[in-house]
Each structure stands twice: as structure tokens, then as C-alpha cells.
Amino acid sequence: MIGEGDLEALARGAAVLGTGGGGDPYVGRLLAARALREHGPVPLVAPADLPDDATVFPVAMMGAPTVMVEKTPSTERIGATVAALAEYLGVTPTHIACIEAGGVNSTFPLVAAAQLGLPVVDGDGMGRAFPELQMVLPTLSGIAGTPMSIADEKGNVGILTAVDNHAAEALARSLTITMGCSAIISDYVMSGAQARDSLVPGTLSLCARIGHRLDRVRAEHGDAVAAVADELGGRVLHTGKVTDVARRTVTGFARGTALISGESELTLEFQNEHLMAVRDGVVQVTTPDLIIVLDTDTGEPVTTEALRFGHRVTVLAAPTDERWHSPAGIALVGPRYFGYDTDPVRFDARERP
Amino acid sequence: MRIGIDVGGTNTDAVLMDGDRVLAAVKAATTPDVTSGIVTALDGLQTQHPFPPADVQAVMIGTTHFINALVQARGLAPTAALRLGLPATASLPPMVDWPGRLVGAIAGRAYLAHGGHEFDGRPISPLDEDELRRHAADMAANGVRSVAISSVFSPVNTEFEVRAAEVLADVLGPDVPVSLSHEIGRVGLLERENATIINAALRELAAGIVDGLAASIAGHGITAPLYLSQNDGTLMDVEFARRYPVATFASGPTNSMRGAAVLSGLGTCAVVDVGGTTTDVGVLTGGFPREATVEVSVAGIRTNFRMPDVLSVGLGGGSLVRGSGTDTTVGPDSVGYRLTEQALVFGGDVLTATDVAVAAGRVEIGDSSLVADLDPAAVAAALERIATDVADVVDRMRISADPLPVVAVGGGSVLLPDAFPGLGAVHRPEHFAVANAIGAAIAQVGGEVDRVFAIAPGQRDAAVDEARQEAVDRAVVAGADPATVEIVDFDEVPIPYLPGNATRIRCKAVGDLRIEQAAGRRA
């Protein structure tokens, strides 16, 4: 079960898995707190416990986190978004799922589940955050993102059917912009068997565990960064001070480079999420593995937007779900897709030269 | 001549200054009504350095009164929060994340209405004036005495907030003040709205305090204009203070840092303010405090005020000293205001940081013979611990590898060594105990822009110029001498996931107060 008391921890853990992107989960946490207070706790179901014939509806927000903190979402429409798609497909949803565990999208499915009185699957479609709709493991399993529903707070609802998941991203993105850069979507409807096969299991409870552990470690004045590394099976790549942040906008996405001084100098490349870490010209790790920036003192995750000159940070690297390292996974979310001319470099528990 | 006054929780400090020179400096006890403490302090200045009241060109006051009123939930007006944005935002109504105690203290009532804008300036829905009139009638029926209005993306388009205020004034009459969110905060609806509601709740109190301050100055025959210092170290005139009391919230640390800067002649430095219980460390860049970049929580309410970035550590004159050798600890617990009963030098039985400083001969407080038999090695270890702990905090605040000069102020700064390892010499300016009042006296006037600009290809320079000019214009309107206005802060952040190269530009300009013109305006 997930109750109101777990939300703060869950949202903090989700910001860790957000790897710098996915937005500030504060608004998502408040929305979920309200829904859980009103409707009670939501049961959490492990993917392994899903019946084959379950009908799983993932729910997410699409748009700009900066917009969501100003035009805060209207959750009345979340249930309606799911209902519209269910009606179009002629099926009855049995479970709600999370498509992106990192950032604000960790908590929106809880609101939908609370409103509809359905359980939530303890897992997600990527095990982290990525910026585009097709960037989910279900795409690798051949699951179609559409038909999908997309709704704004005014009552507009669209049903989209696209030829592939890349086309779904392009179409939904332009609708989202028209809807004011913040929309609710339900997509990748799948059976229980498909969900078991294609989702990353246990990520919601992992988020909550990371958050609770951060609280505990901080109360004991322990090493918050080490605790996060331990939960994720990762290691500290670098500790230092941000000495330069250069940002540029390319086709509507924020790209940037941050320099972090310390015993050596680490260069971080980011585009919404942190995607590549380079030291002395040697690539240390790249997407799809996790590159996480934490405040060195508090262990609090730092988003790419909040990264500023002078900030004392620790950079962690941690392994991603193994399926992302398949050739098809690398084609979808590897460094070349994001425009970096390099082969992927995998997380290595040992220090690199 | 100028007079700077700092009204703190314990002391009211005042200084009489001629340019950067301190002519007189006094400390008086802060009184519950604020004004009689100020009267005592002004009398003290007159005694120390007699001056003709007509020679005073400006009086600047920094006060923690408004933030204390909020924290203690006293003197707050019954307040309504009206938000324009339906059908968006309804799930998180105004005051959604407030402590219940404070909602009760302001008898907070939340109203949602149609309006608001999208990120690009399109309306979310048209303003419904009948709906606003109904809400206003309900406010009147429920005894609301102050209103806060927030509209979605009002930093992009202010039109609906301005119009809604007119409609409310029409129903509620001119005696109910209305605070508008676009004048108070930045993008981030809940945080900006929270600051606006706090501002609304403080407006009655502000009117009373501002009148009291003006009366106590006038009582001394001073006809110069009165200013209050803001969170960012710039000034606002009393009319502005009546309307935006929330802007004074963090002026204490800001004034102390700015005062330290002028006393030491250093524009870029770390300021270490050592009190009885805590040490606050801030960093000045180009004479202004570096601002915190994360949301600041005030009395349990999340806001996005412009606040200085200050790191505090539990170490001060009253801190308890324990252990020995390298295991020696100082603080975080302190005897606080009981220093004069419990410290060894005052005949008590608690070993405090002050006792160690006296034993080492750094300062004469109390009876030094009572600490004469302390083990010199233990004294040295405690002072070493203090130096290491404070140096560590300063180092955390450092933003580059370049050496950063350290300026020590506050009564407890005698605990600090003459130099920090790796940081260099510690500057101890004269009048360090009244740095806050000096900071208030030398404050400047500023203007700021914080908006999302849609930058067309090749038009970046034009947008940047527009933002800079707007900041300069705002500073001049606020009372800055145009010849002295300069841009002190500029920040440009592209916003992810938004089309059209949307870029958030923040720009701040400041200049010296236009004294003659200001005095003339009053006449």
C-alpha cells in the first residue's frame, strides 16, 4: 500500500531516479497527498503478481515541468483521461501503471488509481526519466504506445493512433503545446503478461525506500550520498563544486554542459537529464546508465535546471535496467540518439583510468 | 547625513553616518511597540554626536518585525486568497500546503475563479466579472479585511490580476487592500501566491508600524524621507512598505552583510556574523549578498522570495565547550541569553566559548580571574575547534577557488582567530557590533525583471537589451539616481520542454538613492 505518509519519501526518491530531469516532484506530491487523503491508500501490486489478463493503463503528465509549477494540473481530468481511452478501446482497466519513475510522473498514477479505486503496479516503463514518449522498455517489447488519450484541464480530450511510437511522440508533443504545455496522457495499454514482461519491477517502492533512507541517514548525520549509491548499486564518480554551467537551447530542448571541479575536473553533458560524464577527455559513463547529481551535504537530488555555479555536488553513476543495453535499447536512448558522437560507456563499479 | 536603524528581536541599533563615515553608534533595547526603542536610540545618537535634525537627508530602517509577526501569528488581518485560473489549478487551491495554525491565524479563505494565462500569454479562460463580484460579496460577508490575488502566469501577463483588483475594489470599497502576485513573486504559482497571501495578511500591521516609525522620526524634528530595507539589500520608501511588507522579511542578514562590506571596504567577501548562539555566514559579490536559489520556507510556508543565501552553524559566544584535545567540541547547544548567569566568567559553572576567549586574552568580559586556571592546552584546543568549524562553513560558501576575504562582525566575533588556514586574514572592522544599522544606512535602490521571453532566432540580443533596460527603468522609478544605476545580476536559463526557445531572464539593476530628489518629493 502507498499512503499519504509515503509520498514525501517517494517523491524524493523519484527525483533521484529522475537523473536531473522529470521536474520538481513537489506539485506531484501535493496532488497525490490530496487524492490519497480523499480516497485512502492505494494498493501496490508487484508486476509478478499481475494476472495474465489484467488490463494495465499507464498514466502520465506530458509537458514542461516549468509550466506545471505555474499552471498546476487539475487532477479531476486524470480519471477522465483513462476513462476516455477505456471507452475507445472497449476494455475495463484493472490496474494503473507508472510509465516514468523519475520526477513528477512517479506520483500522477497514484492520483488516477485513487480516483478510480484501482491498484497501482509497483514498477515503471523505464526505471528512470527520459524526455520522449517512445523512450520506454515497452517499445522494445513491441508494445504500441497508441491508441492513447491526451487531455487538458479545459475538457479537451484527444485519442491518437500513430504508425509507431516515434510518431506518437511527435503528434502528442504538438497537441501538448497547444494544450498549454501541460497535458495528461494515458498510453501503452497492456495486458498483465505484457506488463510483467516489459516494465521495470519494484521502482515505486525503490523510490520510497531511497526517500525514507535519506531521511533516516540525515537524522543520524550519516553519509546521505553513500546511502543513495548503496540503494542503486552505484558508486561515486566525482565530488566537487560546479565551476561553470553553459546552457543552450536546441529545438526546444535545453542542452548544456556543467564543469565540476574537485580532485580532477568532471564534465557533465545534459539535455533535461544528465546523459554523459567525461573526465580528462575520457568518457566515464553515458546514458542509458544513471548519472545522478546530489547535493554533497544533504544528498538532495539536483535537477539540471537548478544546477548553478558554486553548488557543491556529488555525481553518482548507477546501472540501468539491462534491457536498455540491447542494440535496440541503445538505438532508442543511447548517446548518439541525443547527438553525442560516442559509443555508450557502461557503468563500471571499478574506477576508470 | 543619514541615520540607519536596525530593529532586531533584542536590540535596536542606530548609527549616524556622513557618507561612509560613522559619526555615532548606539544600542537600545527593542520595545514591544517598536517606536519607543527607536526614540531611545535617536536620543542616544543626539547625545553622542549632536546634529541639527534638518541636516539628516534620509532615515533607513531594517526590521524583523514583520517576519516575527508571521512566525508568532500576531497582528494578522483576516485575509482572502483569490486565484484566477479555472478550470486549471483547482486541485491545489490557495493555502493547500500551509500549516493549519497559520490558516487559522489569518482566518484564510480561498476562492477560485476563471482567468489565468498559458505560458505564451493566451488566456486559459476569460475573466468572469460576475463570478468575481459573487466572491467579493462573500468576502465582505465573512469579514475579510485584506485580499491577495494570483493569476496563472501573471508574470507573463498581468492584465487579469489588475482587472480583478478593480472589480473587487468596486464591491469591497477602498479600505480593503489588494495585493497582486505579479508584483511580489516569480514564476511558480504556489510559492508566489503564498508570498502574496502573507503580504496581504501583514498589510494592516504594516500601516500601523509605518505610521509609528514615521511619527517617531518626525518627533525628533527630522523631515527627511524614511525608507525600509528589503531582503535583497535595496531600499523601499514608506509608501511601498505599506503595500509590500513581505519584502522586508530577510533584511537582517542582508544589512549585516552590506554593513560589513562598507566597514571593511570589501565588495566581494565572506561575512561571518557571530552571535550568542549561532554564526551566520553569507557571501557578498560586488557589494550584494548572494541569493538563495532554492525555495525558502518561512514559518512552514513555501515561498520564492528573494532571500540571501546564508549558512548558519550552532556556534556563538554562549556555546558549550566539551571534551579535550582533538575531541573538543563547541556548540551547537548554547546557554543563550543566560550567558551572564551561567558562564564561568560570570560566576556560573558552564564552560562556554566566551570563557575560552577570555582565558586566551582575546577579550575582556566578566571576571577573567575565574578562568585563570583553565588548562592553556584545552583553551587552545577549543579555539582551534571554533576556527576549524567556522572556516569549514566559509569554505562551503565559497564559489570559486580564488581566495575570499573574510569579514567578521557581531559581538561573538572575538572568538575567531586573526587568520583562517587556507582563507587568509580575518578583517575586523570598527563598529562591527552595529553592522546591521550601517548596512541599512548605506542601502541602495534597485529594480528587477524576472520573465519568460520567447526569443526568435537571431533576436537574443534584443531580448537581453529589453530586459536590462526594463530593470534599469524600474530602479530609476524606485528612486535610484540614473547616473549610478548598473546591472548587478544577470541570469538566462532556457526552459526545457517549451517550444519557441522560451528563456527565463532575470536581471537586477541598482543605483544610489537620489537623495535631493527624494527630499524634494516629500516637500
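The values are calculated or read from the model by the stated rules, or taken from the named source; none is laboratory data. In this text, all values refer to a predicted model and were calculated from it rather than measured experimentally. Please note: Cβ atoms are built from the backbone with ideal geometry, for glycine as well, and neighbour counts cover all protein chains shown. Ligands, DNA and RNA are stripped out before the accessible areas are found, and what is left, the full protein with its side chains, is counted by its heavy atoms. Shrake-Rupley method; radii C 1.70, N 1.55, O 1.52, S 1.80 Å.
Measuring nothing but protein heavy atoms, the accessible surface of chain A at 1.4 Å probe radius is 52 percent carbon and sulfur. When only Cα pairs below 8 angstrom with a gap of at least 6 residues are kept, chain B shows a relative contact order of 14 percent. Multiplying each eigenvalue of the alpha-carbon gyration tensor of chain B by 5 and taking the square root yields semi-axes of 42, 26, 24 Å, largest first, rounded to whole angstroms. Probing with 1.4 Å while keeping every protein chain in the model, the per residue accessible area of the range B:443-487 equals 51 Å².
Taking the alpha carbon gyration tensor of the protein assembly as shown, multiplying each eigenvalue by 5 and rooting it gives semi-axes of 49, 34, 24 Å, largest first. For the range A:94-192, DSSP calls about 90 percent of its internal beta bridges antiparallel.
Over chain B, dividing the summed -39,500 (n - 2.57) contributions of all DSSP H runs of at least 4 residues by the number of residues returns a 222 nm mean residue ellipticity of -10000 deg cm²/dmol.
Taking chain A as a Gaussian network of alpha-carbon nodes connected by springs under 10 Å, the highest mean-square fluctuation of the residues A:ASP197, A:ASP49, A:ASP297 belongs to A:ASP49.
The alpha carbon gyration tensor of the range A:23-65 gives principal lengths a ≥ b ≥ c with a/c of 1.5 or higher and a/b no greater than b/c, which makes the shape oblate.
Summing Lys and Arg as +1 and Asp and Glu as -1 over all other residues whose Cβ lies under 15 Å from the Cβ of B:GLY325 gives a net charge of -1. Note that the range B:181-251 presents 23 Å² accessible area per residue, ligands and nucleic acids not counted, probe 1.4 Å.
Element breakdown for the range B:1-128 at a 1.4 angstrom probe: carbon and sulfur atoms account for 55% of the accessible area. Rounded, prolate or oblate: which fits the range B:46-177 when a ≥ b ≥ c are the square roots of the eigenvalues of the alpha-carbon gyration tensor, with rounded for a/c under 1.5 and prolate only if a/b beats b/c? Because a/c hits 1.5 or more and a/b exceeds b/c, the range B:46-177 counts as prolate. Close amide-amide hydrogen proximity is noted between B:ARG504 and B:PHE453, B:VAL493, B:ILE495, each under 5 Å apart and 5 or more residues distant or on a separate chain (H modeled in the peptide plane; Pro and chain starts excluded).
In chain A, the DSSP-assigned H stretches of four residues or longer account for a calculated mean residue ellipticity at 222 nm of -9000 deg cm²/dmol, using -39500 (n - 2.57) per stretch and the full residue count as denominator. Amide H to amide H, with H built 1.01 Å from N, A:THR75 comes under 5 Å of B:SER91, counting only residues 5 or more places away or on other chains.
Measuring with a 1.4 angstrom probe and ignoring ligands and nucleic acids, B:MET60 comes out at about 0 Å² accessible.
Net charge dipole, chain B: roughly 640 debye, given to the nearest 20, about the Cα centre with Cβ charges of +1 for Lys and Arg and -1 for Asp and Glu. The alpha carbons of the range A:272-331 occupy a box of 38, 25, 18 Å along the principal axes, longest dimension given first. Where both bridge residues fall in the range B:1-153, DSSP classifies roughly 45% of the beta bridges as antiparallel. The mean number of partner chain beta-carbon atoms within 10 angstrom of a residue's beta-carbon across peptide A:149-162 is 1.
Each Cα pair under 8 Å and six or more residues apart adds its separation to the average, and for the range A:191-294 the resulting relative contact order is 13 percent.
A compact globular protein would have a Cα radius of gyration near 2.2 N^0.38 Å; the ratio found for the range B:105-154 is 1.30.
Residues within the reach of a label modelled at B:ALA218 (point 7 angstrom out along Cα to beta-carbon, backbone nitrogen below 20 Å), restricted to the range B:25-41, are B:33-41. Taking 7 Å steps out from each Cα toward its Cβ at B:ASP461 and A:THR298 produces label points 4.1 nm apart. Under the convention that each Lys and Arg Cβ holds +1 and each Asp and Glu Cβ holds -1, the size of the dipole of the range A:226-353 around its Cα centre is about 320 debye.
Return, ordered by residue number, the residues of the range B:1-31 whose backbone nitrogen is under 12 Å from a label point located 7 Å along Cα→Cβ of B:THR47. Residues B:26-29 qualify, since their backbone N sits under 12 Å from the label point. Per-residue Karplus couplings for the range A:191-199, computed as 6.51 cos²θ - 1.76 cosθ + 1.60 with θ equal to phi - 60°, are listed in order as 7, x, 5, 5, 4, 4, 7, 10, 8 Hz, Gly and Pro entered as x. The mean sequence distance of close C-alpha pairs (under 8 Å, at least 6 residues apart), as a share of the length of the range B:207-339, puts its relative contact order at 18 percent. Sorting A:ARG216, B:ARG2 by solvent-accessible area of protein heavy atoms yields A:ARG216, B:ARG2, largest first, with a 1.4 Å probe. With a 10 Å cut-off around each Cβ of B:88-101, the average count of Cβ atoms from other chains is 4. In this structure B:TRP98 has an accessible area near 20 Å², from a 1.4 Å probe over the protein heavy atoms.
For A:LYS71, a cut-off of 27 angstrom between C-alpha atoms picks up these lysines, skipping any fewer than 8 places away in its own chain: A:LYS154, B:LYS508. What you get for the range B:93-211, charging only the Cβ of Lys and Arg (+1) and of Asp and Glu (-1), is a dipole of about 360 debye around the Cα centre.
Counts of other chain beta carbons within 10 angstrom of each beta carbon in peptide B:180-191 average 2. Contact residues in the range A:60-89 by the 50 Å² criterion (accessible area, 1.4 Å probe, full protein complex versus chain alone): A:THR66, A:GLU70, A:LYS71, A:THR72. From the Kirkwood radius over Cα pairs of chain A, Stokes-Einstein at 4 °C and 1.567 mPa s returns a whole-number translational diffusion coefficient of 65 µm²/s.
Ordering A:TYR188, A:ALA170, A:THR203 by Cα displacement along the dipole of the range A:162-218 toward the positive end leaves A:THR203 in first place; charges were set at the Cβ atoms of Lys, Arg (+1) and Asp, Glu (-1).
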